[in-house]
Each structure stands twice: as C-alpha cells, then as structure tokens.
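Working notes for the structure below.
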C-alpha cells in the first residue's frame, strides 16, 4: 500500500485570499445587475458595522450567505459561474504573503494540499486549482434539473463542520495526520485545526485567538508588509 501523505489543510477566505470569495461574487453580481441592489442592501448595515468595528464579521458574512441563497434562486448556473471565473482570473494573486509562502513550502515537502471553505464550491474549486491544491471543498448550492439555482444547499450540515470534511478527505485520499498542518482565521476552523499536528491561527478573530492561546497553538499576524508571531 502506498505510504500515506501528510495533509496540509487551509481555509480560504481571510486565510489565503485577502477577502471573501462569496462577498466578491455577490458584489459583482449586483454590479452587473444579475442580482438586484436589494441583495447588497441586505448586508450593507452589517458590513458597515464590521468595517467600523461596531459589529462582528460572523453576522455580516451570514447575511451575505443568505443574500446569495435568496437572489441566486432561478438564475442559470452558467451566468453565475462565468462571473466567478472572471473574479478568479482577476484576483487569484490577491493572497497573503505568509500563507502563500507556506503553501509553496508544504507543496515542496510533499504534503497533500486540501482547501475547505464555506464559499460556494464552484468558485472555491477554481481558486484552489489556480493555487495548486490537490482537493477542495466548498458549499454546494443545488441547481436542480433545469441547471438553475434552487436556493438550497446540499448537505449543509457536512460543509459547516470542517472536521467532518477533513476526516472524510483523510479516509478517502489515504492521508496522514502525523506531520499534518492546518491554517484558519475564525472559530469555524477550530474543529479542523484540532485534528492536525501543527495548527496555525492566522490573523485570528477573537474567538479563535482565545482558543489558540489556551491550547498553545501558533498564532501568526500579517499586517501590511510585516509578519510576526504572537
């Protein structure tokens, strides 16, 4: 039997990509009038609260998720996927230096590169492919027989639990947790980070930071052109 490769698992939004693939997608769909302005207005206040440090990122991104599900309903998959492809082409290099270099390092060391994101699978797959990942997982939005979005998420309970996705990948791809590495930026990444030998909290939010400090995980911050450990 072939020797199991250690896995290196990365969150995407805010960890590799210096934004959110979903936010970029919904904003662009509104700009092109594929989505109505009401879609962006539905999370406008939450975005401003977060940007003004009066609110948390979680409620903001959840409203973006709800907006996509609501306003994508009935729209042909190809219309949305084409926009996603253009975003990937334009912004595939909009990544953090630390995680970009770490990705190159573990790639050279023979790790199996796995991406797990809550952004839509079709844009996560394209972005991950450009960065050389072996496998990627994202939220799968149903398109039905007519190939139009239904607004429903397939197996939502699975993708929301990143540990279950990582476990499935480890079993399916014959991967090893010994020597494994993981990187995330919010509390939604905690479950998968507990499964690897080297968990890294990168630019963590408050909840992940507290957990990382308590469990003596590596904490890395990238600010402008400075990278440092806490």
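The values are calculated or read from the model by the stated rules, or taken from the named source; none is laboratory data. All of these numbers come straight from a predicted model, not from anything done at the bench. Counting neighbours? That spans all protein chains shown, and the Cβs are built from the backbone with ideal geometry, glycine included.
What the table shows:
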| quantity | calculated |
| --- | --- |
| Conditions (1) within 19 Å of residue 78 (Cα to Cα); (2) surrounded by fewer than 19 Cβ atoms within 10 Å (Cβ to Cβ); (3) at pLDDT 95 or above; number of the one not met by residue 127 | (2) |
| Every residue from the range 87-106 that is surrounded by 13 or more Cβ atoms within 10 Å (Cβ to Cβ), part of a helix (DSSP H, G or I) and either without any contact (Cβ under 8 Å) to a residue 40 or more places away in the chain or in contact with a helix residue (DSSP H, G or I) (Cβ under 8 Å, 6 or more places away or on another chain) (or both) | 87, 88, 91 |
| Given (1) surrounded by 22 or more Cβ atoms within 10 Å (Cβ to Cβ); (2) in contact (Cβ under 8 Å) with a residue 40 or more places away in the chain; (3) assigned to a strand (DSSP E or B); (4) within 16 Å of the chain's Cα centre (by Cα), index of the condition residue 113 fails | (1) |
| Set 222, 229: member being more than 14 Å from the chain's Cα centre (by Cα), surrounded by 14 or more Cβ atoms within 10 Å (Cβ to Cβ) and under 18 Å from residue 96 (Cβ atoms) | 222 |
| Selected residue (only one of 119, 109 is modelled with pLDDT of 95 or more and farther than 12 Å from residue 12 by Cβ) | 109 |
| Selection count where residues are out of contact with any strand residue (DSSP E or B) (no Cβ under 7 Å at 6 or more places or on another chain), surrounded by 23 or more Cβ atoms within 10 Å (Cβ to Cβ) and closer than 20 Å to residue 110 by Cα, scope the range 174-193 | 0 |
| Qualifying residue in the range 3-22 (condition: in a helix (DSSP H, G or I), at pLDDT 95 or above and either under 28 Å from residue 192 (Cα atoms) or over 18 Å from the mean Cα position of the chain (by Cα) (or both)) | yes |
| Sole residue being under 19 Å from the mean Cα position of the chain (by Cα), in a loop (DSSP other than H, G, I, E, B) and under 19 Å from residue 185 (Cα atoms), chosen from 127, 133 | 133 |
| Filtered residue count, the range 194-211, keeping only those that are free of Cβ contacts under 8 Å to residues at least 24 places away in the same chain, closer than 16 Å to residue 14 by Cβ and surrounded by fewer than 22 Cβ atoms within 10 Å (Cβ to Cβ) | 3 |
| Only one of 81, 8 that is in contact with a helix residue (DSSP H, G or I) (Cβ under 8 Å, 6 or more places away or on another chain) and buried (at least 20 other Cβ atoms within 10 Å of the Cβ) | 8 |
| When residues of the range 130-140 are limited to those that are touching a helix residue (DSSP H, G or I) at 6+ places or on another chain (Cβ under 7 Å) and at negative phi, the one surrounded by the fewest Cβ atoms within 10 Å (Cβ to Cβ) | 130 |
| Sole residue being surrounded by 14 or more Cβ atoms within 10 Å (Cβ to Cβ), without any contact (Cβ under 8 Å) to a residue 40 or more places away in the chain, under 18 Å from the mean Cα position of the chain (by Cα) and part of a helix (DSSP H, G or I), chosen from 49, 27 | 27 |
| Pairs where the first residue, in the range 146-171, is closer than 22 Å to residue 134 by Cα and the second is part of a loop (DSSP other than H, G, I, E, B), C-beta under 7 Å, 6+ apart | 163/195; 166/195 |
